[in-house]
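Student: I have a structure here, written as structure tokens, and I will follow up with some questions on it.
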């Protein structure tokens, strides 16, 4: 199991604090995208499309991949973090850092929706999220920025390190991370029917992991006591 150095845990801690709000429309905030999964990963067009620190504001939430597929980008409440695949470093995004793939929304407030006590794998979690979003009045034909908090019995993620292992199996392998029995937050977008654009072909969501000394693109999880955070009504 790989870890970022322990001293960088302090950088991740503020990301695990939500800005909860209340308000009445269930129209999701506009989701902006630069690049698509197909263009960046399958076709290998990994040029920088947007400077991360220029794109975000204090209410931003985002997930993406660095230019050159050099790592993963996660933004919560306007704090942009970068995980570098080649070194395992996790750091604050710097001016000049660019993303090849970037999925961004600005969410001024969040509200909580309990997802139950049972343990959910990723497929089950996506089904439960879809049901919850429908009950909350969201149109699943539109991508919805989301966050999920809970207790992970197991969780695994990867940090891309220069190549997509599916499109380029002979390229640099991603950095693989795994933990057990840890509090986690998942950050990203639920985008049903957007495979190849906003999600991988087997997923209905694009989620990144924030946990103790761990940040990356979610691969698998067994999560319990899960709480979904959705954009607050306004």
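Student: Which condition from (1) touching a strand residue (DSSP E or B) at 6+ places or on another chain (Cβ under 7 Å); (2) closer than 21 Å to residue 35 by Cα is the one that residue 228 breaks?
Tutor: Every condition holds for residue 228 apart from (2).
Student: Find the residue count for the range 154-175, including only residues that are modelled with pLDDT of 95 or more and exposed (fewer than 15 other Cβ atoms within 10 Å of the Cβ).
Tutor: So the answer is 0.
Student: Take residue 136 and decide whether it is touching a strand residue (DSSP E or B) at 6+ places or on another chain (Cβ under 9 Å) and surrounded by fewer than 17 Cβ atoms within 10 Å (Cβ to Cβ).
Tutor: Yes: the conditions hold for residue 136.
Student: Could you tell me whether any residue of the range 109-128 is modelled with pLDDT of 95 or more, over 21 Å from residue 211 (Cβ atoms) and exposed (fewer than 15 other Cβ atoms within 10 Å of the Cβ)?
Tutor: Yes: the range 109-128 contains one or more residues that are modelled with pLDDT of 95 or more, over 21 Å from residue 211 (Cβ atoms) and exposed (fewer than 15 other Cβ atoms within 10 Å of the Cβ).
Student: Sort out which residues of the range 191-219 are within 23 Å of residue 30 (Cβ to Cβ), over 13 Å from the mean Cα position of the chain (by Cα) and surrounded by fewer than 18 Cβ atoms within 10 Å (Cβ to Cβ), and write them in order of number.
Tutor: If the condition is that a residue be within 23 Å of residue 30 (Cβ to Cβ), over 13 Å from the mean Cα position of the chain (by Cα) and surrounded by fewer than 18 Cβ atoms within 10 Å (Cβ to Cβ), then 193, 195, 196, 197 are the ones that fit.
Student: Of all residues in the range 167-188, which are part of a loop (DSSP other than H, G, I, E, B) and over 16 Å from residue 100 (Cβ atoms)?
Tutor: Matches in the range 167-188: 169, 170, 173.
Student: Output the residues belonging to the range 60-79 that are in contact with a strand residue (DSSP E or B) (Cβ under 6 Å, 6 or more places away or on another chain), surrounded by 18 or more Cβ atoms within 10 Å (Cβ to Cβ) and outside any strand (DSSP E or B).
Tutor: 67 - this is the single residue of the range 60-79 that is in contact with a strand residue (DSSP E or B) (Cβ under 6 Å, 6 or more places away or on another chain), surrounded by 18 or more Cβ atoms within 10 Å (Cβ to Cβ) and outside any strand (DSSP E or B).
The values are calculated or read from the model by the stated rules, or taken from the named source; none is laboratory data. Computed from a prediction, not measured in an experiment: that's the story for all the values here. Reconstructed Cβ throughout: ideal geometry from the backbone, glycine too, with neighbour counts over all protein chains shown.
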